[in-house]
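Heads up, the thing below is written out as structure tokens.
The values are calculated or read from the model by the stated rules, or taken from the named source; none is laboratory data. Bear in mind that the values here come from a model prediction, so they are computed numbers and not experimental data. Note: ideal-geometry Cβ built from the backbone for every residue, glycine included; neighbour counts use all protein chains shown. Only protein heavy atoms, including side chains, enter the accessible area calculation; ligands, DNA and RNA are left aside. Shrake-Rupley method; radii C 1.70, N 1.55, O 1.52, S 1.80 Å.
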Amino acid sequence: MEEVRIKDEFIKLGQAMKLAGAVNSGLDAKILIQDGKVIVNDEVEFRRGRKLYKDDIFSYEGKEYIIKH
């Protein structure tokens, strides 16, 4: 599991995917999220603007990422 370090209280899912290097652009993240290919805390997430807080976990293509401060 890879850590995604943030400075603020939360980060939006699309931004977190870019920061983690899981996608190259916000458009890539948007399409993957809308297609139901991203899981947040064991549930499929369809909202790119979903707020992720410390210890939230998202996964894409079998890789897991955890939000840390």
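Descriptive notes on the structure:
- Y65, Y53, reordered so the largest accessible area comes first (probe 1.4 Å): Y53, Y65
- Burial ranking of peptide ranges 11-17, 55-61 (average Cβ count within 10 Å, highest at the top): 11-17, 55-61
- Computed from label points 7 Å out along Cα-Cβ, the spacing between R5 and E61 is 2.4 nm.
- Charges were assigned to the Cβ only: +1 to each Lys and Arg, -1 to each Asp and Glu. The resulting dipole of the chain about its Cα centre is roughly 340 debye.
- The relative contact order of the chain, computed from alpha carbon pairs under 8 Å that lie at least 6 residues apart in sequence, is 40 percent.
- Using the 1.4 Å probe convention, the accessible area of the chain works out to 65 Å² per residue with neighbouring protein chains retained.
- Beta bridges by DSSP in the chain, antiparallel share as percent, to the nearest 5: 75 percent
- Integer Hz, Karplus 6.51/-1.76/1.60 couplings in order for the stretch 17-23, x for Gly and Pro: 5, 5, 4, 6, x, 6, 9
- In terms of the mean number of neighbouring beta-carbon atoms within 10 Å, the peptides 25-34, 39-48 order highest first as 25-34, 39-48.
- Residue list for the stretch 12-30, given a label point 7 angstrom along the Cα-to-Cβ vector of R47 and an amide N cut-off under 15 Å: 12-15
- Carbon and sulfur %, accessible surface of the chain computed with the full protein complex present, 1.4 Å: 44 percent
- Using θ = phi - 60° and Karplus 6.51 cos²θ - 1.76 cosθ + 1.60, couplings along the stretch 31-47 (whole Hz; Gly, Pro as x): 5, 5, 5, 4, 7, x, 9, 10, 10, 10, 6, 6, 10, 5, 10, 10, 9
- Once backbone amide H atoms are built at 1.01 Å from N, K12 has L52 as its partners under 5 Å, excluding neighbours fewer than 5 places away on the same chain.
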